[in-house]
Amino acid sequence: MKHFSHPESHMMTYGYKPELSEGAVKPPIFQTSTFVFKTAEEGKAFFELAYGLRDKDQDEELGLIYSRINNPNLEILENRLCLWDKTEDCAVFESGMSAISTVLLEFLKPGDLLLYSRPTYGGTDHFITHFLDKIGVDSIGFMPDQNQDEITSLVQASGKADKLALVYIETPANPTNGLIDIEMCKAIATRFETPKRPVYLAVDNTYMGPLWSAPLSFGADLIIYSATKYLGGHSDLIAGAVLGNSEVMQRIKVLRTFLGNMASPHTCWLLLRSLETLKVRMEQQAENTKHIADFLQDHPTVAKLHYLGALKPGSKSHAIHQQQYSSSGAMIAFEIKGGEKEAFQFLNNLRLIKLAVSLGSTESLAQHPASMTHIGVADEIKKRIGISSGLIRLSIGVENHEDLIGDIKSAFKAVD
């Protein structure tokens with residue numbers, strides 16, 4: 001089956017054997033807590049692998065043990081996600097923040113230094129600046145407009161360059177669509193690592209999904225998703241995913257076993273359904289977004305548009321976009337003239353577009369980052385990273401673009 005060259009061709013069948021499930025064309029939900037071993041020796045062998053006590057023998061697979069460790073729905077889903085990003089292994093979690101926090105906890109310990117890009121999702125920012133700080137992990141944030149020499153100088157000036165353990169970037173950035181050069185970040189990680197102390201690079205690829213970006217091909221060690229977003233795509237589940245090579249993913253999966261934060265069989269089943277339409281959904285969303293961005297580009301109520309398709313040719317961001325991405329995506333942010341009052345007037349008068357956080361779903365969503373997803377970010381940091389009181393974020397869905405533009409027009413008319 002793997003001879004088909006396009007991932008979307010595998011999303012209905014890969015990793016599933018109907019003959020093991022009464023011939024059902026789709027995987028049933030394996031709603032069970034535990035699994036029967038054929039022998040005690042088999043159970044011992046399975047646990048040795050699950051606890052990371054030994055490496056797999058050639059062609060050996062981890063058998064089913066307990067749904068906190070593995071489950072058929074979980075395994076089929078992880079196998080299919082690997083096809084999109086061309087990775088060796090995948091771990092699916094009960095939420096995007098579970099995926100993010102597990103990565104940070106596995107690769108950082110008290111005394112270590114984290115280098116991360118700003119802006120980033122509000123929950124990620126809070127975990128870094130509050131929780132990691134509380135357990136003795138130092139962090140340095142950098143901006144999309146800073147170059148390699150400037151970022152390297154930040155690390156050196158910290159006095160903890162020898163403690164750098166992880167570079168964590170979110171690109172495009174939430175909510176401004178700021179772009180980070182992945183190859184540059186890999187070069188920075190390599191600059192500070194030693195043979196005995198690797199520095200890993202993790203990329204949150206939620207905004208572009210596996211359809212429009214391939215971070216591993218630019219040097220990333222780990223790819224992270226809020227699978228709630230495009231991978232799920234229907235606003236009916238919460239999940240996260242981490243992908244990478246077998247070595248780093250073994251560490252992630254062992255920690256997941258003991259944190260107990262894997263996705264449930266039902267959530268995995270829903271995600272398997274969603275993957276079947278991932279490509280057609282995202283392509284329609286991106287096409288709709290082009291039309292809406294064209295409308296917003298010169299609108300008199302819009303002070304500034306943040307959309308990858310509107311980047312100025314010759315700029316640093318445009319060059320990164322051309323190199324790293326195959327689409328301009330389906331996310332837009334724009335500055336409305338005025339501030340919070342005008343932003344709220346606009347948001348309160350939308351009818352087709354729903355006022356809600358999250359993104360990447362079939363329905364279009366709008367929110368106010370400064371007072372919602374990024375409310376926990378300090379005001380001085382918000383100002384520095386471009387999250388103003390007039391910033392509105394739009395996630396474009398699969399509705400007819402003419403109706404979406406009509407809804408936006410009506411909302412603009414309500415702004416004083």
Hey, does segment 341-348 have a residue that's part of a strand (DSSP E or B) and either polar (S, T, N, Q) or at pLDDT 95 or above (or both)?
no
Take the residues of segment 234-249 that are touching a residue at least 40 places away in the same chain (Cβ under 8 Å) and more than 13 Å from the chain's Cα centre (by Cα): which is farthest from TYR121 (Cα to Cα)?
SER246
Write out, first by first residue and then by second, each pair whose Cβ atoms fall under 9 Å of each other, whose residues are 6+ apart or on separate chains, and whose first residue, in segment 208-227, is in contact (Cβ under 8 Å) with a residue 40 or more places away in the chain while the second is among the basic types (Lys, Arg) and in a helix (DSSP H, G or I).
GLY209/LYS229; LEU211/LYS279; PHE218/LYS186
Candidate set: segment 252-300, residues that are over 19 Å from the mean Cα position of the chain (by Cα), in contact (Cβ under 8 Å) with a residue 40 or more places away in the chain and farther than 30 Å from PRO28 by Cβ; chosen: the one surrounded by the most Cβ atoms within 10 Å (Cβ to Cβ)
THR289
From the list ASN349, ASN400, exactly one residue is surrounded by 15 or more Cβ atoms within 10 Å (Cβ to Cβ), out of contact with any Leu (no Cβ under 6 Å at 6 or more places or on another chain) and farther than 19 Å from THR206 by Cβ. Which is it?
ASN349
Which listed residue is modelled with pLDDT of 95 or more, outside the structural domain of LEU222 (by TED's automatic domain parsing) and either outside any strand (DSSP E or B) or among the aromatic types (Phe, Trp, Tyr) (or both), from ILE29, ILE76:
ILE29
Residue set ILE385, ILE405, ILE320; condition surrounded by fewer than 18 Cβ atoms within 10 Å (Cβ to Cβ), of a type in the set (A, V, I, L, M, F, W, C) and touching a residue at least 60 places away in the same chain (Cβ under 8 Å); output residue ILE405
State yes or no: is HIS10 over 22 Å from THR257 (Cβ atoms) and in contact with a Lys or Arg (Cβ under 8 Å, 6 or more places away or on another chain)?
yes
Residue selected from segment 98-133 under the condition β-branched (Val, Ile, Thr) and touching a Leu at 6+ places or on another chain (Cβ under 7 Å), by the criterion surrounded by the most Cβ atoms within 10 Å (Cβ to Cβ)
VAL103
Restricting to segment 246-291, name every residue that is closer than 26 Å to ASP55 by Cα and in contact with a Gly (Cβ under 7 Å, 6 or more places away or on another chain).
GLN250, VAL254
Considering segment 147-159 alone, what residues qualify as being buried (at least 17 other Cβ atoms within 10 Å of the Cβ) and either in contact (Cβ under 8 Å) with a residue 40 or more places away in the chain or not β-branched (Val, Ile, Thr) (or both)?
VAL155
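Taking the condition in a helix (DSSP H, G or I), surrounded by fewer than 20 Cβ atoms within 10 Å (Cβ to Cβ) and among the polar types (S, T, N, Q), does SER358 pass? Talk me through it step by step, then tell me what you get.
Values: in a helix (DSSP H, G or I): no; surrounded by fewer than 20 Cβ atoms within 10 Å (Cβ to Cβ): yes; among the polar types (S, T, N, Q): yes.
So SER358 does not fit the description; no.
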Just a yes or no: is a residue in segment 192-205 in contact with a strand residue (DSSP E or B) (Cβ under 9 Å, 6 or more places away or on another chain), among the polar types (S, T, N, Q) and in a helix (DSSP H, G or I)?
no
If GLU340 meets every condition in (1) over 13 Å from ILE408 (Cα atoms); (2) under 25 Å from the mean Cα position of the chain (by Cα) apart from one, which number is that one?
(2)
Give all pairs with beta carbons closer than 9 Å in which a residue from segment 334-349 that is more than 18 Å from LYS383 (Cα to Cα) meets a residue that is basic (Lys, Arg); count only pairs at least 6 apart in sequence or on separate chains.
ASN349/LYS413
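Output the number of residues of segment 1-33 satisfying the condition of being among the hydroxyl-bearing types (Ser, Thr, Tyr) and in contact with a helix residue (DSSP H, G or I) (Cβ under 6 Å, 6 or more places away or on another chain). Walk me through how you get there before you give the answer.
Going through segment 1-33, the residues among the hydroxyl-bearing types (Ser, Thr, Tyr) turn out to be 5, 9, 13-14, 16, 21, 32-33.
With the extra rule that they be in contact with a helix residue (DSSP H, G or I) (Cβ under 6 Å, 6 or more places away or on another chain), the set shrinks to 14, 16.
Residues in segment 1-33 being among the hydroxyl-bearing types (Ser, Thr, Tyr) and in contact with a helix residue (DSSP H, G or I) (Cβ under 6 Å, 6 or more places away or on another chain): 2 in total.
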Quick one: which of ALA366, ALA319 is under 22 Å from MET208 (Cβ atoms) and within 21 Å of the chain's Cα centre (by Cα)?
ALA366
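Looking only at residues that are among the acidic types (Asp, Glu) and within 25 Å of TYR230 (Cβ to Cβ) in segment 160-205, which one is surrounded by the fewest Cβ atoms within 10 Å (Cβ to Cβ)? Reasoning before the result, please.
Initial filter on segment 160-205 (among the acidic types (Asp, Glu)): 162, 170, 181, 183, 193, 204.
When the remaining residues are screened for being within 25 Å of TYR230 (Cβ to Cβ), the result is 170, 181, 183, 204.
Working: GLU170: 24, ASP181: 21, GLU183: 16, ASP204: 27.
Among them, the one singled out is GLU183.
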Given (1) crowded, with 16+ Cβ neighbours inside 10 Å; (2) at positive phi; (3) not small (Gly, Ala, Ser), number of the condition GLU75 does not satisfy:
(2)
Meets criteria (in a helix (DSSP H, G or I) and modelled with pLDDT under 95) for LEU62:
no
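The values are calculated or read from the model by the stated rules, or taken from the named source; none is laboratory data. Source: prediction; values computed, not measured. A quick note on method: Cβ atoms are made from the backbone with ideal geometry, for glycine too, and the neighbour counts reach across all protein chains shown.
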